[in-house]
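The values are calculated or read from the model by the stated rules, or taken from the named source; none is laboratory data. Predicted, not measured: the structure shown is a model, and the values here were computed from it. Positions of Cβ are backbone-derived with ideal geometry, glycine not excepted, and every protein chain shown enters the neighbour counts.
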Amino acid sequence: MAIESIRLYNTLTRKKEVFKPIRKDRVGLYTCGPTVYNFAHIGNLRTYIFEDILRRTLEYAKYDVRHVMNITDVGHLTSDADTGEDKLEKEAAHEGKTVWDIARFYTDAFTSDIARLNIKKAKNLVPATRTIENQIALIHELFKKKYAYETTQAVYFHVPKFKRYTRLSRQKLNEKIIGAREKVITDPEKKHPADFVLWFKSVGKFKNHVMRWPSPWSEGFPGWHIECSAISTKYLGQPFDIHTGGIDHINVHHTNEIAQSEAAFEKPLAKYWMHGEFLLIDAAKMAKSEKNFITLNTVIQKGFNPLAFRYLVLTAHYRSKLNFTWKSLESASHSLEKLYEFIRELKTKKGSGVKKSDMRMHSVVEKEFRMSVFSDLDTAGALVNIWDLVRAYHKNPEAYNPKTILDILYDFDKILGLGFKNVKSETIPAPILKLAMLREQYRKNKKWEEADKMRQELQKHGYTVEDTPEGPRVKRV
């Protein structure tokens, strides 16, 4: 049973709504996955972190979450519409590998990245190429309902027939930019410029396309949008509870998903639609096409803990743009390390049983924390709640049992995913402890100059010393 109400912003209605699952205590969650032709950049990873926070929040609230994510390994062209080259085939030619090798390599890279960011892997991680039969069956349904038609080049969805086509995007149909890119090969048999491809035939520019399957409409391969409709319906049914993705999916990909799924089965695809905002770099959208992207490997090579990037993402609301700079990542890294140091400090303390002040603290802080995350995933507010807890403890450490504070932090980290339980108490080398004790003796004897020299010596070795009521505490700088 869920412990209390969660409010989520629904792109479909443009307002926050109290979350009510279709089935009691169970949530169907579909998150659009990567196109595996290159490494995910940290802008992509921001979206996956937001989706992970959503899943963790639902699980924290005692919901049984069935999480499904697709892997696009065919059909996504260099335009998000139906123009250009297949991204995987283009990259395979560039690297001198097969498309299957490219898909495997970058799928493995993606799962490695999300593991390093402490993102929970979807219970069903489904490559599009494993559901071709499901996609063909869905296209069959669209032919039956007279939403699909065939040309010599492809099978299309006829957009004007679906009257609710712009319900999600709220973009007028005549505002959609069709065929604006260079080298676009248009199909003169298309009935309407907004009609989108359900199935590409192996003819014309795609006559040598490596990835191809038999179908009633000739050999070929599916369009990008049909895979998500087929996969989500296969694993979650229709309707399911929540569909998520990046904000750039609203106008094309998610709009097309809704059209083909709801046209085929005459019922909603998903009840709630949620979208994460862009991560910017130099105030511009981070994108592979713009060649201004940064990968997680680059972050690690520069000496940062991957979870420092996760912390940085949590400092902004998922529906707000976040401008990435190395300075902001450095600040996030410093803040995360201070939290880790606080946890190490607590682990060295011995408590004396649960106190009334502990109980009050736990009640107040937990209530505030839940208010933050249950209000449309306000992770920035949740971090404020944690720092309030740190300050309260440091202000009056005798009033609280360190174990109680640790338990609170571990509980909150079920949502934040910053690895609090993995923080290990650091063993300070004996020579360093000896220097610290010598400094303490100088302090007690009021030999301030000698004590200061000992502090400088500690700093040369990468340590600092903090004077506390319980005595000196040595830690890494």
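Whether a residue is farther than 25 Å from Phe304 by Cα, within 39 Å of the chain's Cα centre (by Cα) and either of a type outside the set (Asp, Glu) or surrounded by 12 or more Cβ atoms within 10 Å (Cβ to Cβ) (or both) was assessed, and Val465 does not pass this test.
On the stretch given as the stretch 123-142, residues that are surrounded by 14 or more Cβ atoms within 10 Å (Cβ to Cβ) and not in a helix (DSSP H, G or I) total 5. How many residues are aromatic (Phe, Trp, Tyr), under 16 Å from Pro239 (Cβ atoms) and either over 16 Å from the mean Cα position of the chain (by Cα) or assigned by TED's automatic domain parsing to the domain that holds Lys321 (or both) if we restrict to the stretch 1-49? Selection size over the stretch 1-49: 1.
Provide a single number: the residues in the stretch 143-178 that are surrounded by 13 or more Cβ atoms within 10 Å (Cβ to Cβ) and at pLDDT below 85. The qualifying residues number 3. With respect to the conditions (1) part of a helix (DSSP H, G or I); (2) of a type in the set (Gly, Ala, Ser); (3) modelled with pLDDT under 95, Ala109 falls short on a single one, namely (3). Among the residues examined, Ser331 does not qualify as assigned to a helix (DSSP H, G or I), outside the structural domain of Thr35 (by TED's automatic domain parsing) and closer than 19 Å to Asn118 by Cβ. Is it the case, given these coordinates, that Glu150 is touching a residue at least 24 places away in the same chain (Cβ under 8 Å), in the same structural domain as Asp82 (by TED's automatic domain parsing) and within 20 Å of Lys267 (Cβ to Cβ)? Against the criterion (touching a residue at least 24 places away in the same chain (Cβ under 8 Å), in the same structural domain as Asp82 (by TED's automatic domain parsing) and within 20 Å of Lys267 (Cβ to Cβ)), Glu150 does not qualify.
When residues in the stretch 196-206 are screened for being of a type outside the set (A, V, I, L, M, F, W, C) and modelled with pLDDT of 95 or more, 2 of them pass. Regarding Arg310, is this residue of a type in the set (Lys, Arg), in a loop (DSSP other than H, G, I, E, B) and within 21 Å of the chain's Cα centre (by Cα)? No, not satisfied.
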